[in-house]
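Have a look at the structure below, then the notes.
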Amino acid sequence: MDTPAAGKLVIISGPSGAGKSTVLERALKECQLPLELSVSATTRQPRPGEADGVSYYFIAKDEFIERKEAGEFLEWKEVFGRGDYYGTLRKAVTAGLNAGKWVVLEIDVEGAMMVLESHPNAITIFIHPGSPEELERRLRDRGTEAEETIQRRLEVARSEMKVGSKYNHQVVNDTIDRAVQEICDILSRGE
Ligand code: 5GP
């Protein structure tokens, strides 16, 4: 287990299209806590509007694999069977925690389970969309994904929803304001 650090680790997961990013963005600004979002590395292509170093560090697959083998990732995963990798950089997390930050990881369920092995006291929050129909509608409204990708994401989402019960807290994103408030309340309680 890692040495206890000054900050806290917060893990947030939820199916794609649960509105997770919007809720999280608001929570980072509005919760009265020193929250810091950990920027993951990925080999997938940036979507329109995504900036390198802000949404993700967009890196080539060769570089990802090299850094993974060098042990630079606290956790990593190949998502959706597309051959794209995602991972949390160990160094940034440790630096944030040592500086007393509450480091927030927005990662998938498998990654979360991997992080819990080394950080069992992490606060875990699973964000659910209002309903499966709502989830599908949001994915389609985004208009950036092919049908095959949507189907794959829905399949992943259904299985992710089942594992949501492994998290300390479940938040339903029925309305953004309410979900943000609930997340701030959970974090203020610090567990
Ligand atoms: P997207 O491609 O839509 O940005 O993200 C797809 C999925 O990858 C989401 O479920 C997101 O939580 C997950 N993800 C993003 N970064 C990481 C990471 O560093 N590690 C893991 N395990 N999953 C991640």
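Some points to look at:
- Of the residues making up the stretch 24-45, those that are farther than 20 Å from R90 by Cβ and either among the aromatic types (F, W, Y) or in contact with an Asp or Glu (Cβ under 7 Å, 6 or more places away or on another chain) (or both) number 2.
- Flag for R82 being modelled with pLDDT under 95 and of a type in the set (K, R): yes
- For V10, the test of being hydrophobic (A, V, I, L, M, F, W, C), in contact (Cβ under 8 Å) with a residue 24 or more places away in the chain and either more than 15 Å from the ligand (Cβ to nearest atom) or within 29 Å of E134 (Cα to Cα) (or both) is passed.
- Criterion: part of a loop (DSSP other than H, G, I, E, B) and within 16 Å of the ligand (Cβ to nearest atom) - qualifying residue of S21, S16: S16
- Condition check for V115: more than 15 Å from P15 (Cα to Cα), assigned to a helix (DSSP H, G or I) and touching a Ser or Thr at 6+ places or on another chain (Cβ under 9 Å): yes
- Any hit, the stretch 123-133, residues being closer than 27 Å to V171 by Cβ, without any contact (Cβ under 8 Å) to a residue 24 or more places away in the chain, away from the ligand (no atom under 11 Å from the Cβ) and in a loop (DSSP other than H, G, I, E, B): yes
- The set of residues from the stretch 17-46 being surrounded by 14 or more Cβ atoms within 10 Å (Cβ to Cβ) and more than 22 Å from I123 (Cβ to Cβ) comprises G17, A41, T42, T43, R44.
- Looking across the stretch 65-93 at every residue that is of a type in the set (D, E) and under 17 Å from the mean Cα position of the chain (by Cα), the one that is farthest from the ligand (Cβ to nearest atom) is identified as E78.
- Annotation note: of E78, E36, the sole residue that is under 26 Å from S118 (Cβ atoms) and in contact with a Gly (Cβ under 7 Å, 6 or more places away or on another chain) is E36.
Residue by residue, here is whether (1) within 9 Å of the ligand (Cβ to nearest atom); (2) within 28 Å of N173 (Cα to Cα); (3) in contact (Cβ under 8 Å) with a residue 12 or more places away in the chain holds:
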| site | (1), (2), (3) |
| --- | --- |
| R26 | no, yes, yes |
| K29 | no, yes, no |
| L37 | no, yes, yes |
| R44 | yes, yes, yes |
| G49 | no, yes, no |
| V54 | no, yes, yes |
| E63 | no, no, no |
| A95 | no, no, no |
| I107 | yes, yes, yes |
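- Applying the condition of being under 12 Å from the mean Cα position of the chain (by Cα) and β-branched (V, I, T) to the stretch 116-126 and asking which residue is surrounded by the fewest Cβ atoms within 10 Å (Cβ to Cβ) yields T124.
- The set of residues in the stretch 144-174 being among the polar types (S, T, N, Q) and either assigned to a helix (DSSP H, G or I) or closer than 17 Å to I125 by Cβ (or both) consists of T149, Q151, S159, S165, N168, Q170, N173.
- Number of residues in the stretch 47-58 that are farther than 25 Å from G7 by Cβ, surrounded by 13 or more Cβ atoms within 10 Å (Cβ to Cβ) and in contact with a strand residue (DSSP E or B) (Cβ under 6 Å, 6 or more places away or on another chain) equals 1.
The values are calculated or read from the model by the stated rules, or taken from the named source; none is laboratory data. Source: prediction; values computed, not measured. When we count neighbours, we look across all protein chains shown, and the Cβ atoms used for this are built from the backbone with ideal geometry, even at glycine.
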